[in-house]
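The values are calculated or read from the model by the stated rules, or taken from the named source; none is laboratory data. Predicted model, so just to flag it, every value in this text is computed and none were measured. Ideal geometry is used to build each Cβ from the backbone, glycine not excepted, and the neighbour counts take in all protein chains shown. Each accessible area value is taken on the protein alone, full model and side chains, heavy atoms only, with ligands, DNA and RNA left out. Shrake-Rupley method; radii C 1.70, N 1.55, O 1.52, S 1.80 Å.
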Amino acid sequence: MRIDSYRVSLVEAIQFAKTQNKWVQAAKIAESAAVEDRKDAYKAALPAVNTNASYQRFSDLTLFTDRLNHAATGPRKPTPHTAALGIDALFNIYSGGRQQALQSEQEARFRIAEVNTQDQTGNIALQTASQYLELVRLNDLNKLIQDQLGRAQTRLNNINSLFRNQKVTRSDVLRAEVMLSNVELSLQQNENDVIIANQKLNVLMNIPDSVRILPSDSAGIPKPEITSLLPLMEEAGTTSFVVQRAGHYVEAQRAKVKGVQSNTLPSLSFYTAYGLNYPNYLFFPPVDQTYAIGFVGLKAQYSISSLYHSKSKIAASKLRVKELELHQQAAVDNVRIQANSYYIKYKEALNRISVNERSVEQARVNYRIVSTKYFNQLALLTDLLDADNLYQESRFNLIKAQTDALAIYYNLLYTSGRL
């Protein structure tokens, strides 16, 4: 199978996933449907116009006298044929605010769908960033393991030379061989993890599995200054997707309350009709002729039963508004806590990077010293292997700290509604 490789930066991967991901595309379709629902709510204010046409042919008329005796049959007068063709229209003048409430509700529903699209886009962007950073971490770890493999092979060759010169025991050779085997297994495991991480990133970006993503960014790319996160933390209580959506749910429920309340108010409509009819039943006896007639009028209506039918519905709708307002306040509290937590952890991550950078240098020097001592017969192999593992672990911890800091930054961006 042909494998195509592409170098992609973190920002490019995020932007691509924002437009190509299937979940994002589905959210955009749902938003388009909400747009049409909103249009339908506004179009409901237009007059309702109907046309109608009918035709009937009646059978002969049978008349009975003396109950069912003495039947006489004859044609229906003035004609056995009837037909009608007409048009009518109804225009709502006032309905207690029902139409405005419907429009407001659908407007809020559209805003919810809009925020859902932004939220889904941001969520996919966050997943893409996390998966990209995981791929970066694994690729950098792959380089570290290959470096460690080189050290293990060189070390084994040197120990074999010492063993042939009877400077070390067979035990040192065996332990060095075991160390080499373990490093080879770690390399194989990490390479498999790279393949899996690449496939997950491909799915998020909606590209074929045969494509291999080569991150152009490394774990050491510049990190945002801690001061740049302060506005994100402060604005999160209003700009977060969760908070925005909760606010629109409150608006939709308030519009529902107005819609229910409109049922207790009178309605006024203008209506008109015009049509052709055959035969003419306006006169008596009916006349075998076609006539045309129309009318205009006003129709007022008030449901007295709505006074008691809608009472509990209105109360329940108002209580749901209070419930959603509390949900909104709780969402603001949760978002503020999350944003503040990410800010604190990001500051910690930056400090961890500085500490790990010093640890790497210290572990490197320590490994060089212990290695020199061992090959001069001044240290045990155990000390050398421990020093190698410490050097490897410190380098890995540095990469992890660097990718963790970026992951925290993107989590804060998503939490504040800015991703």
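Brief remarks on what is shown
- The distance linking the range 362-400 with the range 187-223 is 30 Å (Cα centroid to Cα centroid, whole angstrom).
- Spatial separation of Cα centroids for the range 9-37 and the range 107-139, in angstrom: 9 Å
- Using the Karplus relation 6.51 cos²θ - 1.76 cosθ + 1.60 with θ = phi - 60°, the per-residue 3J(HN,Hα) values for the range 41-50 come to 5, 6, 5, 5, 6, 6, x, 8, 10, 10 Hz, with x marking Gly and Pro.
- The range 319-376, accessible surface, carbon-and-sulfur percent (1.4 angstrom probe): 51 percent
- Peptides 280-287, 255-262, 397-404 ordered by average Cβ neighbours within 10 Å, highest first: 397-404, 255-262, 280-287
- Of the GluC sites (Glu not before Pro) in the range 205-278, those whose Cβ has at most 12 other Cβ within 10 Å and which sit in DSSP loop: GLU225
- Charge sum, other residues only, whose C-beta stays under 15 Å from PHE58's C-beta, Lys/Arg counted +1 and Asp/Glu -1: +1
- Amide H partners (placed H, <5 Å) of ARG76, local residues excluded: LEU61
- Carbon/sulfur fraction of accessible area - the range 155-251, other protein chains in place, 1.4 Å, %: 51 percent
- Other-chain or far-sequence residues with amide H under 5 Å of HIS81's (modelled H): PHE58
- Cut-off under 5 Å, modelled amide H: who pairs with LEU276 long-range: LEU85, GLY86
- Rg/Rh for the chain stands at 1.34; both radii use Cα atoms, and Rh follows the Kirkwood definition.
- Cα extents of the range 1-135 along the three principal axes, largest first (Å): 100, 52, 27
- Residue-normalised accessible area of the chain, given per residue in Å² at a 1.4 Å probe: 59 Å²
- Using a probe of 1.4 Å, the accessible surface attributed to ARG137 totals some 40 Å² when neighbouring protein chains are kept in position.
- Each residue of the range 411-417 was assigned a 3J(HN,Hα) from its phi angle through the Karplus expression (A = 6.51, B = -1.76, C = 1.60, θ = phi - 60°), giving 5, 5, 4, 5, 4, 8, x Hz with x at Gly and Pro.
- CD proxy at 222 nm, helix term only [per DSSP H run n ≥ 4: -39500 (n - 2.57); per residue of the chain; nearest 500]: -23500 deg cm²/dmol
- Taking a straight line from the alpha carbon of LYS28, these lysines sit under 29 Å away, with near neighbours fewer than eight places off in the same chain left out: LYS18, LYS39, LYS43, LYS200, LYS256.
- Per-residue Karplus couplings for the range 162-167, computed as 6.51 cos²θ - 1.76 cosθ + 1.60 with θ equal to phi - 60°, are listed in order as 5, 5, 5, 8, 6, 8 Hz, Gly and Pro entered as x.
- Relative contact order of the chain, pairs being alpha-carbon contacts under 8 Å that are 6 or more residues apart, as %: 24 percent
- Stokes-Einstein D (µm²/s) once Rh is taken as the Kirkwood radius of the range 188-306 over alpha-carbon pairs, at 4 °C in 1.567 mPa s: 54 µm²/s
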